[in-house]
Structures are given as C-alpha cells and as structure tokens.
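K.L.:
Before I ask anything, here is the structure I am working with.
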Amino acid sequence: MRIVVLVSGTGSNLQAVIDAVASGELENVEIAAVGADKHGTYGVERSAAAGIETFVVNFKDYADRGDWNHALTEKCLSYAPDYVVSSGFMRIVGEEFINAFDGTYINTHPALLPSFPGAHGVRDALAYGVKVTGCTVHIADAGVDTGPILRQEAVAIEDTDTEESLHERIKVVERRLLIATLADLAQGN
Ligand code: GAR
C-alpha cells in the first residue's frame, strides 16, 4: 500500500508511522512521499533524513486557493498513492483534491469529532470544559474535519491539564490509532 503523507508542522505522528514501517510493524506499507504546504517544516526535514522523498506545494506561491489545490492534487497523484494521509496538515483541500482521492484521504484529529473540529481541537475542548476528549481517525471529505469515522478513542482531561500536556497525551493515543488504521487498510479491511 503506497501512501503520501501531508504535514504542516513537526510531524511527530508521521515519525511514528515512519518507525512502524521501518520496524515491520506496518507490513506492506510504503511511504511514497511526504509533502507540506510551506517551507521549513520539521515534518519534511525528518522525512528527508529518513531517506523519504519530500515535496512542498507552498500555499503562498499560488495566486488563489484553487491554483494551489490543483497543484497539490497533481503532485499527490504523481505518486499514485492508495491513500493520502493528512497528519497535522492544517489546510482545507478543495473539491478537486477530494474528488481525486475520493474515500482515500485519511485525516487524524485531536478531538472526538464531530466535537471540536478545526485548527484548535485541543484548546477548544479545554475552553469548553468537557471532562473527556480524545482523537479521531476518519475519511476526510470536503468539510472541516468531517467524513466517515474509522477509529476513535477517548482521553480524560485532568484538572491540571494545559493545552500542551493534553495534546501530548492525545497524540500518544492518536499514533496508535493511525498505525492500527493503516494496518487495517493495508490488509484490505
Ligand atoms: C495532531 O494532533 C493532529 O491530529 C492535528 O495536528 C497534530 C499534528 O501533530 N491535526 C489537526 O488538528 C487537524 N485539524 P504532529 O505534527 O506532531 O504529528
């Protein structure tokens, strides 16, 4: 199973996937490429260090969102992936991308969707005061963190939690769910 992984930041969840592929925990999975929407991400840097092909389709280089979306779609298609994984990719993709990867665009989100979608899922859950949050792996459609849910797990919020401490605890679970999801997909499940 060939995957392209899209990142916008540190890519710590991506690193867990890289490690799982390297150790053989994720059998039959090949990371064809890792791409970002901007220059200078640690996610791309660590992928290159691991010998993985990388690319940047820099959002700021395009006149409008449609042009950027077209370029991203073409770039991802060039790797002929079975799945594209958004792992901390913080841009909304458009219809052209979703149509090209219909049902094969996977996203992870640090909240129990449909609660707290968007760029600040952890912060928003803390601000609301919920006592339980979690993470979601889902097939992404054209909405913001919407689409059929594949896996989900709860994480309790402690009174002493900060956004950072809670996000780190969520990410530990998120990595496990992402790897389990990719293993399922690689087995045709
Ligand atoms: C992850 O928690 C992911 O769920 C989140 O960004 C983090 C990336 O961490 N994505 C979203 O919030 C998408 N709405 P990482 O770069 O360390 O893997």
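K.L.:
Starting from the Cα of Lys75, draw a straight line to each of the lysines and keep only those under 30 Å, dropping any in the same chain fewer than 8 residues away.
P.N.:
Lys38, Lys60, Lys171
K.L.:
Then there is this: Using the crude model of +1 on Lys and Arg Cβ and -1 on Asp and Glu Cβ, and no other charge, please compute the dipole size for the chain relative to its Cα centre, in debye to 20.
P.N.:
Here the size comes out at about 140 debye.
K.L.:
Mind running the shape call on region 91-189? Use the C-alpha gyration tensor, a ≥ b ≥ c as the square roots of the eigenvalues: rounded below 1.5 for a/c, prolate if a/b tops b/c, oblate otherwise.
P.N.:
The shape class here is oblate.
K.L.:
Which aspartates and glutamates, on any chain, are close to Lys131 with Cα under 12 Å apart, when same-chain ones fewer than 8 places away are left out?
P.N.:
List returned: Glu158, Asp159, Asp161.
K.L.:
In the chain, what % of DSSP beta bridges are antiparallel (nearest 5)?
P.N.:
Here the share of antiparallel DSSP bridges comes out near 40 percent.
K.L.:
While we're here: Using a ≥ b ≥ c from the Cα gyration tensor of region 1-132 (square roots of the eigenvalues), is it rounded, prolate or oblate, where a/c under 1.5 gives rounded and otherwise the larger of a/b and b/c decides, a/b for prolate?
P.N.:
Because a/c hits 1.5 or more and a/b fails to exceed b/c, region 1-132 counts as oblate.
K.L.:
So, one more: Highest mean first, how do 85-97, 60-72 rank when packing is the count of other Cβ atoms within 10 Å averaged over residues?
P.N.:
Averaged packing, sorted descending, gives the order 85-97, 60-72.
K.L.:
While we're looking at this one, here's another question. Can you give me the C-alpha center-to-center distance between region 1-52 and region 99-135, rounded to a whole angstrom?
P.N.:
Region 1-52 and region 99-135 have Cα centres spaced 21 Å from each other.
No value in this document is a laboratory result; all are computed from the given coordinates. Here the structure is a predicted model, which is why all the values come from computation and not from measurement. For neighbour counting, all protein chains shown are included, and Cβ atoms are generated from backbone atoms with ideal geometry for every residue, glycine included.
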